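Since the structure comes first, as structure tokens, the remarks are kept for the end.
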Amino acid sequence: MSRTSSQHPNKDHPYHPLPAPDSEPLLSPSSEKVVHLKEDDRTRPGTTPSLEDIEVESQEHKHNISEGSPPSSSSSSSSHGRSARINGYALAGAILASTNSVLLGYDIGVMSGAVLFIKEDLRITSTQVEILVGSLNVCSLIGSLASGKTSDSIGRRYTIILAAATFLIGAVLMGLAPSFPFLLAGRLIAGIGVGYSLMIAPVYVAELSPTLTRGFLTSLPEVFINVGILLGYISNYALSGLPETLNWRLMLGLAAIPAVAVAIGVSAMPESPRWLVMRGRREEAKRVLVRTSESKEEAELRLAEIVKAASFHHASSSPSSSSSSSEWYGQGVWFELIFRPSRPIRRILIAAIGVNFFMQASGNDAVVYYSPEVFRDAGIENRKQQVGVTVIMGLAKTSFVLISALYLDRFGRRPLLLLGSVGMALSLAGLGLGSKYLEYSNGKPVWAIVLCVVAVCSAVSFFSIGLGPITWVYSSEIFPLRFRAQGSSLAISVNRLVSGLVSMTFLSISREITFGGVFFALSGVMVVGTIFFYFFLPETKGKSLEEIEALFEDQVENDNYKLRPS
């Protein structure tokens, strides 16, 4: 797939926020007019730039960008000499938004152990177990599909509240469930809340974050998912000694606690500045950008870039429309995404849907959900030991997702994604080999059991290095502003659909071809996924959200829409 673009920035010139006022200028004198404000506006503090104040770049700079010529030495030295600092206000907003992701992680982790006791207490079959486990993922498809339009209409912040409230209702119903149908109803409602939270948290964080730390901050939802999984495992281990009529109810009902915390904490969160600009509320957007930027000048230039991108997409979507941006509620986006996408949008859709598909086709969620079953098949018979091994697995997942998040903005998305995918393919192949040996062995040799345990921990660890955090980061940052919420919701809907199908069929397929056969098949899926990532996913490290669209273009489609370092 060709990604050549005359807008494509020089790879040796990392984009970053403006340097401190006393440092050398970011742009060389020859390219000084890439984007600048009118002189009288630049000298007035607190002035918000309008679209008319943003001038087209000089012919010389256009030539430099199109030809890929290197920047001047002053620009280069300023660029490379400045390290990224995490903005405290942006970090606080990202943490609050990502707390929603604990809900999904906790459900995944706690259900793996709770289902052992639910099966005995409610006397349900293995098929009902699959339906119970997979129903949350299938119903999260509804929340994912609805979340894009909802967040465009009521805002990113209130969509986070809606997600937490929906999951809270589901958690209470599951904890009080007297029967299987009642329990299933609670999971269906909780699933809708999970679908909302999976889409909105990465999108909100990506739109709030500065460019240089966006990878780290946008990967926080995956970090919190893994924290939730670990908490679920710990809950299983701590409550497994209680009576079977009580322990699983407490395990599931405790999920209401983070939902309440999110609903309370969201009152302190700012709204997404990009959503505010799309609604014509520039002054509010500027106030948020000032608090998430290193300087007031940087905030003004970030605002100017967002305003220009928003104006371009408004004009391209409805050139004959006279409606103001305050009347925009995401209308027309679904039709354009599905039935009339431009070539760059089609490429973006393929990349976003592809990475979400392979994230769940890897079988990670199913391995986590059914890890006690996998360990029992490997020869670990004691239920307490099965749950204990899952705690070790949870620690491995959480540790490696933290490492990935910390280095995502240094090494980039592609290297970690490819490393994680290759590692998963090898780990799943090793797990398949160990499972097959145990299947045909008369005894249960210790080395084969250890191989299976290590291979499971290795598979989930490599997932946490690559596909786990990078799927959310990539899905939330590659769509243009007008398409971001609804495009992400479409991609994540595929994620949830595949997750539900894999979770609801994992045990049935394993009974037909054994666990070893399933793991060999999943290893093959990851080989295909690695090839897809290599050819279809460009690097987005160090580029602003408004610049990333150019990576998917093969020519400048609108000379008036120019990208610049932010």
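Some notes on this structure:
- Residue that is of a type in the set (A, V, I, L, M) and open to solvent by 10 Å² or more (accessible area, probe 1.4 Å), where the choices are LEU162, LEU136: LEU162
The rows are residues; the columns are (1) closer than 26 Å to GLU512 by Cβ; (2) of a type in the set (Ser, Thr, Tyr); (3) part of a helix (DSSP H, G or I).
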{"position": "PRO415", "(1), (2), (3)": "no, no, yes"}
{"position": "LEU433", "(1), (2), (3)": "yes, no, yes"}
{"position": "LYS436", "(1), (2), (3)": "yes, no, yes"}
{"position": "GLY443", "(1), (2), (3)": "yes, no, no"}
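- Yes/no for LEU176 being touching a residue at least 24 places away in the same chain (Cβ under 8 Å) and either assigned by the TED database to the domain that holds ILE403 or surrounded by fewer than 23 Cβ atoms within 10 Å (Cβ to Cβ) (or both): yes
- Verdict on LYS397 being surrounded by 20 or more Cβ atoms within 10 Å (Cβ to Cβ) and either at pLDDT 90 or above or of a type outside the set (Ser, Thr, Tyr) (or both): yes
- Residue check, ILE353 assigned to a loop (DSSP other than H, G, I, E, B) and on the phi < 0 side of the Ramachandran plot: no
- Contact map, region 375-404: residues that are assigned by the TED database to the domain that holds ALA455 paired with residues that are hydrophobic (A, V, I, L, M, F, W, C) and not in a helix (DSSP H, G or I), Cβ distance under 7 Å, separation 6+ or inter-chain. Pairs shown: GLN386/ILE380; VAL389/ILE380.
- Residue satisfying condition, being open to solvent by 50 Å² or more (accessible area, probe 1.4 Å) and not β-branched (Val, Ile, Thr), within set LEU250, LEU239: LEU250
- Selection of region 195-217 for residues being in contact with a Ser or Thr (Cβ under 7 Å, 6 or more places away or on another chain) and among the aliphatic types (A, V, I, L, M) yields LEU198, MET199, ILE200, ALA201, VAL203, VAL205, ALA206, LEU208, LEU217.
- Looking only at region 499-516, residues that are touching a residue at least 12 places away in the same chain (Cβ under 8 Å) and open to solvent by 20 Å² or more (accessible area, probe 1.4 Å) come to 7 in all.
- Region 402-418 - residue that is among the aliphatic types (A, V, I, L, M) and under 14 Å from GLU539 (Cβ atoms) and, of those, surrounded by the fewest Cβ atoms within 10 Å (Cβ to Cβ): LEU418
- For region 500-513, a residue qualifies if it is touching a Gly at 6+ places or on another chain (Cβ under 9 Å) and at pLDDT 85 or above, and the qualifying residues are LEU501, VAL502, THR505, PHE506, ILE509, SER510.
- Restricting attention to region 402-424, the residues that are modelled with pLDDT under 90 and in contact with a Gly (Cβ under 6 Å, 6 or more places away or on another chain) total 2.
- Only a single item in (1) small (Gly, Ala, Ser); (2) at pLDDT 90 or above; (3) within 22 Å of ALA352 (Cβ to Cβ) is not met by ALA521, and it is number (3).
- Single residue of region 172-223 satisfying the filter (assigned to a helix (DSSP H, G or I) and among the polar types (S, T, N, Q)) that is nearest to THR127 (Cα to Cα): SER197
- Any hit, region 186-194, residues being in contact with a Phe, Trp or Tyr (Cβ under 7 Å, 6 or more places away or on another chain), at positive phi and modelled with pLDDT of 85 or more: no
- Residues in region 264-294 that are within 20 Å of ILE161 (Cβ to Cβ) and open to solvent by 50 Å² or more (accessible area, probe 1.4 Å): ILE264, SER267, ALA268, ARG281, GLU284.
- Test: residue in region 308-320 that is at pLDDT 85 or above, open to solvent by less than 50 Å² (accessible area, probe 1.4 Å) and over 30 Å from GLY113 (Cα atoms): no
- Among the helices (runs of 4 or more DSSP H) confined to region 54-142, the ones with at least 1 residues that are modelled with pLDDT of 85 or more are located at 88-98, 101-121.
The values are calculated or read from the model by the stated rules, or taken from the named source; none is laboratory data. Since the structure is predicted, the reported quantities are computational estimates derived from the model, not experimental observations. When we count neighbours, we look across all protein chains shown, and the Cβ atoms used for this are built from the backbone with ideal geometry, even at glycine. Surface areas here come from the heavy atoms of the whole protein model, side chains and all, with no ligands, DNA or RNA. Shrake-Rupley method; radii C 1.70, N 1.55, O 1.52, S 1.80 Å.
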